[in-house]
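J.: My structure is below; once you've seen it, I'll send some questions.
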Amino acid sequence: MLPCLAPADSPALPLHVVTPGGWEALPGAGFARASGFRAKPGELVLLPGAEGLAGALLGAPETPHGFGGLPFALPEGTTWRVEGADPADVTLGWCLGAYRFTRFKPGKRPPARLVAAPGHEDAAIEAAAIWRARDLINTPANHLGPAELAAAVAEIGAAHGARVEIIEGPALEQGFPAVAAVGQGSPRAPRVAVLEWGEADAPLVALCGKGVCFDTGGLDLKPSSAMLRMKKDMGGAAVMIGLAEALMASRAPIRLLLLVGAVENSVSGTAFRPLDVIRTRKGLTVEIGNTDAEGRLVLADLLAFATERRPRLILDGATLTGAARVALGPDLPALFSNDESLAAALLAGGEAAGEPLWRLPLHQGYAGWLDSPVADLNNVSAKPMAGAIVAGLFLQRFAPSDIPWGHLDLYAWNDSSRPGRPEGGEATGLRALRRGMMNFLHD
């Protein structure tokens, strides 16, 4: 149980969620009216009682995130029962707003706690998965390298009875040569974590996550300002780890294959170089046009491995391109897919979750931009346009044409704090992917 939630039998104060004109008969309405309360969305008023605090009124929020300000707006040490709102919305928003990263510095105060009503259980599962993803993204790279990221996969696997294999050393070099090439400049050796869970007769879903624990850009070095958030370059892996945890905790009727490429892109005498040619698991050779386009190399090997298992669908997540952020901003992940039904299901899942995705095209007219004179393809285009699309086209070379595949180019960060979205790491798209993939499988 998350620390912002209290046991069902805990003594708790009432918090009434109200709309304009629908609260005048409630206890304390006279005080609220005299205080200027008008039940605007998110407006909060505390109600006095004979022995102190008697309860509170809250103007009905427009989204579940609107409940996210309550844990720190309500008095420290208090516990509450929310009445007049959907338990799932309340629980999700409350828990997302209660999150703080406190591994190295304690929070200013603990959040107020919620006694969640029946019907909250799935929302609590999602919130816990998002907390895990946020913790991973927020952890500094000196505390979260490839070994620690792979260990996070092993941890959720052990908690849910999954089989986990960590591939490293010669086995990694042989089976995941592109991952090995990206990580060969770091003293912290790369790893691929493979988690398998579920019943043999259930449909297989493959999740692939880019886990670049820190990205210097390699020999094509990033400017210092661009490195300030590169601890979050494993955000795609964190989202996929959180998604896998939510699926297992809810006992989803699937078989799950989670692949995380855990690696660090560093600068050293052993780092891979511009114009190197590397091989991939699929057998295609890649000329390195830019060492800062390393995430797609990691995903290339993971996609090839996933394809060999012939799953019902493949999803990958990555903080892949700045071009996607220029086009869509931080909150709107770019979706690419080779399957119309899967794309429609994922887009609908985003709308249902209040986490919209935006589809960009795999425009084949740009495929030739990845041509190389010395290898099967280059990892970048020489043209300064359509960077997110070109990256998607690169990945499509390693994804199967006959298996539905979706690629999410995401930001994994909140630049500033908003209700339910504290500044820092964010599990962008997790809830959208969960709903979309399950709807796709059940159609």
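J.: Please compute the volume of the convex hull spanned by the alpha-carbon atoms of region 17-77 and report it per residue in Å³.
T.: Considering the Cα atoms of region 17-77, their hull volume per residue is 78 Å³.
J.: Please turn the phi angles of region 374-388 into ³J(HN,Hα) values with the Karplus equation 6.51 cos²θ - 1.76 cosθ + 1.60 (θ = phi - 60°), one per residue in order, whole Hz, x for glycine and proline.
T.: For region 374-388, the Karplus-derived couplings read 10, 9, 4, 6, 9, 8, 9, 9, 6, 8, x, 10, 6, x, 5 Hz, x marking Gly and Pro.
J.: Per residue, how much accessible surface does the chain expose to a 1.4 Å probe? Answer in Å², no decimals.
T.: Using a 1.4 Å probe on heavy atoms only, each residue of the chain averages 40 Å².
J.: Would you work out which of GLY354, LEU395, LEU342 lies farthest towards the positive end of the dipole of region 298-443? Charges go on Cβ: Lys and Arg +1, Asp and Glu -1.
T.: About the Cα centre, the residue reaching furthest to the positive side is GLY354.
J.: What ranking do 121-131, 78-88 get when scored by the average of other Cβ atoms within 10 Å per residue, highest first?
T.: Descending packing order for the listed peptides: 121-131, 78-88.
J.: Can you give me the convex hull volume of the Cα atoms of the chain, divided per residue and expressed in Å³?
T.: Details: hull volume 66.5 nm³, N = 443.
Cα convex hull per residue, to the nearest whole number: 150 Å³.
J.: Mind running the shape call on region 371-443? Use the C-alpha gyration tensor, a ≥ b ≥ c as the square roots of the eigenvalues: rounded below 1.5 for a/c, prolate if a/b tops b/c, oblate otherwise.
T.: oblate
J.: Still on this model: Which of the trypsin sites (Lys or Arg not before Pro) found in region 94-165 are in a DSSP loop and have at most 11 neighbouring Cβ atoms, other than their own, within 10 Å?
T.: Counting only loop positions with at most 11 other Cβ atoms within 10 Å, the trypsin sites (Lys or Arg not before Pro) in region 94-165 are ARG103, LYS108.
J.: Mind giving me the FRET efficiency for ASP402 and GLU148? R0 is 35 Å, r the Cβ-Cβ distance, nearest 0.05 is fine. Walk me through the intermediate numbers first.
T.: Values: r = 36 Å, r/R0 = 1.04.
After rounding, the FRET efficiency stands at 0.45.
J.: As a quick test, which of the pairs LYS222/LYS282; LYS210/LYS282; LYS231/LYS282 have an alpha carbon distance above 26 angstrom in this structure?
T.: LYS222/LYS282; LYS231/LYS282
J.: Between LEU275, THR285, TRP197, whose Cα lies farthest towards the positive end of the dipole of the chain when Lys and Arg beta carbons carry +1 and Asp and Glu beta carbons carry -1, centred on the Cα centre?
T.: Most positive-ward Cα: LEU275.
J.: Report the Cα-based extents of region 194-315 along its three principal axes, largest first, to the nearest Å.
T.: 47, 33, 18
J.: Apply 1/(1 + (r/R0)^6) to the Cβ-Cβ distance of SER10 and SER35, taking R0 = 30 Å, and write down the FRET efficiency to the nearest 0.05.
T.: Values: r = 28 Å, r/R0 = 0.92.
After rounding, the FRET efficiency stands at 0.60.
J.: Which net charge results when you count Lys and Arg as +1 and Asp and Glu as -1 among the other residues whose beta-carbon is under 9 Å from that of ASN379?
T.: Summing Lys/Arg as +1 and Asp/Glu as -1 gives -1.
J.: Tell me, in nm to one decimal, what length is gained between ARG163 and ALA117 on full extension, where the rule is 0.36 nm per residue of separation less the Cα-Cα distance?
T.: Extending this stretch completely gives an extra 13.1 nm.
J.: In deg cm²/dmol, rounded to 500, what helix-only [θ] at 222 nm does the chain give when every DSSP H run of at least 4 residues adds -39500 (n - 2.57) and the total is split over its residues?
T.: -9500 deg cm²/dmol
J.: Within a Cβ distance under 14 Å of VAL194, other residues only, what is the Lys/Arg minus Asp/Glu net charge?
T.: Every neighbour counted, the sum reads 0.
J.: State, to one decimal in nm², a quarter of the convex hull surface area for the C-alpha atoms of region 79-123, i.e. the direction-averaged projected area.
T.: 3.5 nm²
J.: Please list 3J(HN,Hα) in residue order for region 213-228, calculated via the Karplus relation 6.51 cos²θ - 1.76 cosθ + 1.60 where θ = phi - 60°; whole Hz, with x for glycine and proline.
T.: Along region 213-228, the couplings run 5, 7, 10, 6, x, x, 5, 7, 4, 6, x, 4, 5, 7, 8, 5 Hz.
J.: Additional query: Report the local net charge at THR91: Lys and Arg +1, Asp and Glu -1, summed over other residues whose C-beta lies under 14 Å from its C-beta.
T.: Neighbourhood net charge equals -3.
The values are calculated or read from the model by the stated rules, or taken from the named source; none is laboratory data. Note that the structure is a prediction, hence the values are computed from the model and not measured. Using ideal geometry, Cβ is built from the backbone for each residue, glycine included, and neighbour counts are taken over all protein chains shown. These accessible areas exclude ligands, DNA and RNA; they are computed on the full protein's heavy atoms, side chains included. Shrake-Rupley method; radii C 1.70, N 1.55, O 1.52, S 1.80 Å.
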